[in-house]
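J.: Dropping the structure in here first, questions after.
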Amino acid sequence: MSDYTWKEIERRFNELVPLMNGARLDFQWGSVPKNVMVAGCGNSSALDKFYAISALAGQKLMQNMNRIDLENIEELKNENNPVKFWFESLKVFSGKFEPDYLGEQLDRNTGQSMGSIFIGRINKIAEVSSVQCINYSISFPDNIISTDTLKSTNQEIVKQSFWDKYAVPIIVSVIASVIAGIILLFL
């Protein structure tokens, strides 16, 4: 599991917000090869940091998402690159993806359609990434209780609730039986 918490990754993305104000993610797919890239960021140092932090976030998310079924999430199920996984997760889960327009790829010689081209974008990507870390910290908390701890805690709860529910009635029944036995002896 990643050594970085969602809170730490969120803080690092937040530091980039003022440096990447106009930056966006541009997505392209359809009859052309799938592609996603950062556009609109003139600060190469901030861009390098954004890619590095996205790799951390993507790796952490990939590890966490092994716990859920990705088969129905087309954009993520076959993605092994942590940066691309992060970018695609923003597209799927952030609610900030904006489809732009639909184009058609035409054969240059015949003019026949070769298929549709789809594009879209996410603006303010450092800010969106920061907020998404907060969302993932709720879905995938960093301090997950181990199964062993959970089992022993449940056993303790069962023990406590058994004695809380039945100890007094059992003790009262035993005392009543002893008293009844003593009374019967003297009759």
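J.: Length gain on complete extension for the stretch E15 to Y51, per 0.36 nm per residue less the alpha carbon to alpha carbon distance?
T.: Taking E15 through Y51 to full extension adds about 11.6 nm, to one decimal.
J.: Can I ask one more? For the stretch 39-119, just say rounded, prolate or oblate: build the C-alpha gyration tensor, square-root its eigenvalues into a ≥ b ≥ c, call rounded for a/c under 1.5, and beyond that prolate if a/b exceeds b/c, oblate if not.
T.: Here the stretch 39-119 falls in the oblate category.
J.: Enumerate the calculated ³J(HN,Hα) couplings along the stretch 36-41 in order (Karplus 6.51 cos²θ - 1.76 cosθ + 1.60, θ = phi - 60°), each rounded to whole Hz, writing x wherever the residue is Gly or Pro.
T.: The phi angles translate into 9, 8, 7, 10, x, 10 Hz.
J.: In what order do L90, L187, L19 fall by count of nearby beta-carbon atoms within 10 Å, going from fewest to most?
T.: Ordered from fewest to most neighbouring Cβ atoms within 10 Å, L90, L187, L19 come out as L187, L19, L90.
J.: Please compare each pair in K7/K77; K7/K124; K77/K124 to a cut-off of 22 Å on the Cα-Cα distance and tell me which ones are over it.
T.: Too far apart for the 22 Å limit: K7/K77; K77/K124.
J.: Hey, quick one: spin label on N78, modelled 7 Å out along Cα-Cβ, who in the stretch 3-46 has an amide N within reach, i.e. under 18 Å?
T.: Residues 28-36 fall inside that zone.
J.: Between L102 and S116, what length comes free when the chain is fully extended (0.36 nm per residue of separation minus the Cα-Cα distance, one decimal in nm)?
T.: Extending this stretch completely gives an extra 4.4 nm.
Values quoted throughout were computed directly from the atomic coordinates according to the rules given, and no laboratory measurement underlies them. Model, not experiment: these values are computed from the prediction. All Cβ positions, glycine included, derive from the backbone under ideal geometry; neighbour counts span all protein chains shown.
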